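K.L.:
Just passing along the structure, written as structure tokens.
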Amino acid sequence: MADEVQEQISVAVPPDEAYAAVSDVRRIAGWSPECFAVWVWRRQGSQPERFIGWNRRGGYLWFTTCRVVTAEPGREFAFDVTTFGQPVSRWGYRLAPADGGTLITEYWQDRRNQAAATLGRVFTGSVARQRPQANRAGMRQTLSRIKGELERRPG
């Protein structure tokens, strides 16, 4: 199995509501500290099947091609990430009922081969061994923003 990094947060909404949020990939750009735009270019019914994520960190700018691989409403949503045809990672969200709300576990599995690791260094400035730490910090920010958005109540 690929190396996996994960972070968790509890939100005061039911799993179906949390799933609706995390499976709407366009919302990633509002939560992630690196992703600033998402373009869905293939759908299966009303759900995204493939999309492109545009990312930046510091002076670096890059894009990734993503394919949804798990879409289980109320339970899990995940997508595989590639760049220039090379495997990069799997990102996902596991959802579980918890104390009247949902425990959201965001995870990242490193799937880079040598070519992808080299591309990562060129386009993101990140050395392969630094990526897990950077992603863990990004997950904390992302989950905090998801929680803030989902628990925000009108009025």
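The values are calculated or read from the model by the stated rules, or taken from the named source; none is laboratory data. Treat the numbers as computed from the prediction; the structure is a model and nothing was measured. Cβ: placed from backbone, ideal geometry, glycine included. Neighbour counts: every protein chain shown.
K.L.:
Taking the range 90-102 as the search range and keeping residues that are more than 12 Å from PRO14 (Cβ to Cβ) and touching a residue at least 40 places away in the same chain (Cβ under 8 Å), which one is surrounded by the fewest Cβ atoms within 10 Å (Cβ to Cβ)? So that I can check it myself, show each step before the final result.
P.N.:
Taking the range 90-102 and keeping what is more than 12 Å from PRO14 (Cβ to Cβ), we get 90-94.
Okay, now just the ones that are also touching a residue at least 40 places away in the same chain (Cβ under 8 Å), so 90, 93.
Numbers: ARG90: 20, TYR93: 24.
The qualifying residue surrounded by the fewest Cβ atoms within 10 Å (Cβ to Cβ) is ARG90.
K.L.:
In the range 10-41, how many residues are of a type in the set (Asp, Glu) and in a loop (DSSP other than H, G, I, E, B)?
P.N.:
Our first condition is that a residue be of a type in the set (Asp, Glu); within the range 10-41, this holds for 16-17, 24, 34.
Adding the requirement that they be in a loop (DSSP other than H, G, I, E, B) leaves 24, 34.
Counting residues in the range 10-41 that are of a type in the set (Asp, Glu) and in a loop (DSSP other than H, G, I, E, B) gives 2.
K.L.:
What are the residues in the range 63-78 that are over 18 Å from PRO132 (Cβ atoms) and outside any loop (DSSP other than H, G, I, E, B), if any? Don't jump to the end; show me each part of the working.
P.N.:
Going residue by residue through the range 63-78, those that are over 18 Å from PRO132 (Cβ atoms) are 63, 65-77.
PHE63, THR65, CYS66, ARG67, VAL68, VAL69, THR70, ALA71, GLU72, GLU76, PHE77, listed by residue number.
For (1) in a loop (DSSP other than H, G, I, E, B); (2) at pLDDT below 95; (3) crowded, with 16+ Cβ neighbours inside 10 Å, each residue gets a yes or a no:
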residue: GLN8; (1), (2), (3): no, no, no
residue: ARG43; (1), (2), (3): no, yes, no
residue: ARG50; (1), (2), (3): no, yes, yes
residue: ASP80; (1), (2), (3): no, no, yes
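Okay, residues lined up against (1) more than 15 Å from ARG26 (Cβ to Cβ); (2) over 14 Å from the mean Cα position of the chain (by Cα):
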| residue | (1), (2) |
| --- | --- |
| ARG50 | no, no |
| GLY58 | yes, yes |
| ARG75 | yes, yes |
| THR82 | yes, no |
| VAL88 | yes, no |
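K.L.:
Within the range 2-51, which residues are in contact with a helix residue (DSSP H, G or I) (Cβ under 7 Å, 6 or more places away or on another chain), free of Cβ contacts under 8 Å to residues at least 24 places away in the same chain and among the small types (Gly, Ala, Ser)?
P.N.:
Across the range 2-51, the qualifying residue is only ALA37.
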